[in-house]
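What follows is a set of notes on a single structure, which appears directly below.
The values are calculated or read from the model by the stated rules, or taken from the named source; none is laboratory data. Being a predicted model, the structure only gives us computed values, none of them experimental. Note: ideal-geometry Cβ built from the backbone for every residue, glycine included; neighbour counts use all protein chains shown. What goes into the accessible areas is simple: the full protein's heavy atoms, side chains included, and nothing from ligands, DNA or RNA. Shrake-Rupley method; radii C 1.70, N 1.55, O 1.52, S 1.80 Å.
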Amino acid sequence: SQKIEQNSEALNIQEGKTATLTCNYTNYSPAYLQWYRQDPGRGPVFLLLIRENEKEKRKERLKVTFDTTLKQSLFHITASQPADSATYLCALEGGDSWGKFQFGAGTQVVVTP
Amino acid sequence: NAGVTQTPKFQVLKTGQSMTLQCAQDMNHNSMYWYRQDPGMGLRLIYYSASEGTTDKGEVPNGYNVSRLNKREFSLRLESAAPSQTSVYFCASTSTSVGEQFFGPGTRLTVL
């Protein structure tokens, strides 16, 4: 069955450092991969989308890579700030599930001053 | 623009009761989605609607029904609530089937 794995352990990081999150998937050939941010008690907010033919995408301090051979996406937050503390979700779409997204469980990031 | 709105924000039901969760978007989006989010399990798709008049099952449709009333509104109905349906429910919409999804604030449902 299709599976998406994100590290369930919280990532504790010092302000100013780079946070790196992993999204691994199996039995999936996604055409698109998205990353979302979710704050406690709120709905997810879209951050970035990367297509299968793109290796890397950047937006301000965020960078996403997509390796279809390794079946993995990495999400980087550079120069992290306490305001970056949240849960980050990856979502995959594509293959035979056109229009439907499957989400990972998310990884919590805690940035301490 | 209000974006995606959901009502109610909180609800407590007894087992066997029914209720409808309402969702509306004012962004003229074609596709709308209903998800549930449980601790440690992430978001799971219940139903989605690619366009007005069409609906399709997601990963966990059992126990739920949906109605795409018009382009703006997409409702989720629980006919006979069960404790296993205790969850946070999110509605989302997108302009294309692969674009960014805009989520509502969620409905926190407890079934006793």
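Largest accessible area first, the listed residues A:LEU11, A:LEU49 line up as A:LEU11, A:LEU49 when surface is computed with a 1.4 Å probe on the assembled protein chains.
Seen from all directions on average, the protein assembly as shown presents a Cα convex hull projection of 12.3 nm².
Compared with its chain on its own, segment B:72-112 contains the following residues whose accessible area drops by 50 Å² or more in the full protein assembly (probe 1.4 Å; ligands, DNA and RNA excluded): B:SER97, B:VAL98, B:GLU100, B:GLN101, B:PHE103. Ranking A:ASN7, A:LEU92, B:THR5 by how far each Cα lies toward the positive end of the dipole of the protein assembly as shown (charges on Cβ) leaves B:THR5 at the top.
Around the Cα centre of segment B:47-111, unit charges on the Cβ atoms of Lys, Arg, Asp and Glu (plus for the first two, minus for the last two) sum to a dipole of about 140 debye. Pairing chains A and B buries close to 1600 square angstrom of accessible surface in total, based on protein heavy atoms and a 1.4 angstrom probe.
Computed over the Cα atoms of segment B:23-95, what is the convex hull's projected area averaged over all directions, in nm²?
4.6 nm²
Here segment B:4-26 is scanned for amide nitrogen atoms under 15 Å from the site 7 Å beyond the Cα of B:SER95 along Cα-to-Cβ, giving B:4, B:26. Taking only protein heavy atoms and a 1.4 Å probe, the accessible area of segment B:20-83 is 44% carbon and sulfur. Heavy-atom accessible surface of the protein assembly as shown, averaged per residue, reaches 48 Å², computed with a 1.4 Å probe. A run of chain A free of exposed loop cleavage sites, with GluC sites (Glu not before Pro) counted only in DSSP states other than H, G, I, E and B and at most 10 other beta carbons within 10 Å, reaches its longest extent at A:61-113.
Three principal axis extents describe the C-alpha atoms of chain A; from largest down they are 44, 29, 21 Å. If you take the Cα centroid of segment A:35-113 and the Cα centroid of segment B:47-112, the two points sit 22 Å apart.
Among B:GLY63, B:THR110, B:TYR48, which residue has its Cα positioned farthest towards the positive end of the charge dipole of chain B, with +1 placed on the Cβ of Lys and Arg, -1 on the Cβ of Asp and Glu, and the dipole taken about the Cα centre? Positive-end residue among those listed: B:THR110.
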